[in-house]
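Everything on this sheet refers to the single structure shown next.
Every number in this text was worked out from the coordinates using simple rules, so none of it is lab data. Here the structure is a predicted model, which means the values were calculated and not measured. Positions of Cβ are backbone-derived with ideal geometry, glycine not excepted, and every protein chain shown enters the neighbour counts.
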Amino acid sequence: MAVERIVFLDRGSLRAPIRAPRFPHEWKDYEYTESADALGRLKGASIAILNKVPLRRSELAELPDLRLIAIAATGSDVIDLKACNDLGIAVSNIRAYAVNSLPEHVFALILALSRSLNWHKQSVETGAWTNSKTFCVFTNPMRDLAGSTLGLIGFGALGRSVAALGKAFKMSVIAYDQMPVKEPGVRPAALDEIIEQSDVISLHVPLTDATRNMIGASALGRMKRHAIIINTARGGLIDEQALADALANGRIGGAGLDVLSVEPPPTEHPLLKLRHHNLIVTPHMAWASEEAMRTLSDQLIDNIEAFIAGMPQNLLTQTSKI
């Protein structure tokens, strides 16, 4: 059996043990790889593992030995999938591994914003509570989730898991997806209805040319003034300057973001400069509970072993190099 040469370009993006594949192989990993270094590091590799290192047609065309790109994530926007199809390179991704981690993070953001936790924390830290004439400090309004409307844009595995938590909080759940939404207790809705009628909107779609900046100034202007927008999918789904303007002007109630269009973000990013009490930004960690990372690590090797065994799974492309 041939010895497979496996190269993991950004091992530092996965903080979990990885078991050795059960076939003859050589393994080389790099903590981090600059885009300009990817081609050189993949020369002679038959299997590439990566998370966020982009590979475009120009690089892929110079890697004749490459048979499989195993993405250590669900999103595939860093890979030129059409080029992979044309060149006979298989691409696999990870699926349904963060169905607890990410939805719990979504609701951590929703609860923190709807209960004005940033405001209340500050009232304690600045002494406003200590100096209060009453037993409590009314720094900012709070809203109950029960009876409110949760709108989901995208209704795959993650969207369904978020819906389940929404129902547990006694929210009315509506959802939009390109595929028919068929879930007890979840009402299918048009995209415009999600934007205009939801008290909380959570995004769960991939980043494509069709979805880029889908939440822009127009959509933000049609939301309820107290509405909260949550994005744990991809930063490019939201026009970030338009969101910063909407928050600064009090046009919407708040935003909870785990992703930005450029990661890591520059210091001058409009949302990082804003420092608004009704904005919470976390560093792309919604997926990364210890349990989820272990599941991802196991599935990553499962995908590679299945490919080598001639029974590929979780493929995003067709290939003739199995």
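Structure notes:
- Lysines with Cα under 23 Å of Lys170, excluding same-chain neighbours fewer than 8 positions away: Lys182, Lys224
- Principal axis box of segment 101-281, alpha-carbon based, largest edge first, Å: 55, 38, 30
- Modelled FRET efficiency - R0 51 Å, Ala164 with Asn131, Cβ distances, 0.05 increments: 0.75
- Magnitude of the charge dipole, the chain, Cβ model with Lys/Arg +1 and Asp/Glu -1, debye to 20: 680
- Residue-wise HN-Hα couplings along segment 102-110, as the Karplus relation 6.51 cos²θ - 1.76 cosθ + 1.60 with θ = phi - 60° gives them from phi, are 5, x, 5, 5, 3, 6, 4, 5, 4 Hz; Gly and Pro carry x.
- Length released on extending from Asp77 to Glu196, taking residue separation times 0.36 nm less the Cα-Cα span: 40.0 nm
- For segment 1-35, chymotrypsin sites (Phe, Trp or Tyr not before Pro) meeting the loop criterion (DSSP other than H, G, I, E, B) and having at most 14 other Cβ atoms within 10 Å: Tyr32.
- Across the options Ala157, Ile252, Met171, the greatest Cα extent toward the positive end of the charge dipole of the chain (unit charges at beta carbon of Lys, Arg, Asp, Glu) belongs to Met171.
- Here segment 134-292 is assigned +1 on the Cβ of each Lys and Arg and -1 on the Cβ of each Asp and Glu. Its dipole about the Cα centre then comes out at about 420 debye.
- Distances between placed amide hydrogens fall under 5 Å for Ala175 paired with Leu152, Arg187, Ala189, all partners being 5 or more residues away or on another chain.
- In terms of other Cβ atoms within 10 Å, Glu291, Glu34 run from fewest to most in the order Glu34, Glu291.
- Rough spin-label spacing in nm, given labels placed 7 Å along Cα→Cβ, for Glu290 and Arg15: 1.1
- Counted by Cβ distance under 10 Å from Leu260, the other residues give a net charge of -2, where Lys and Arg count +1 and Asp and Glu count -1.
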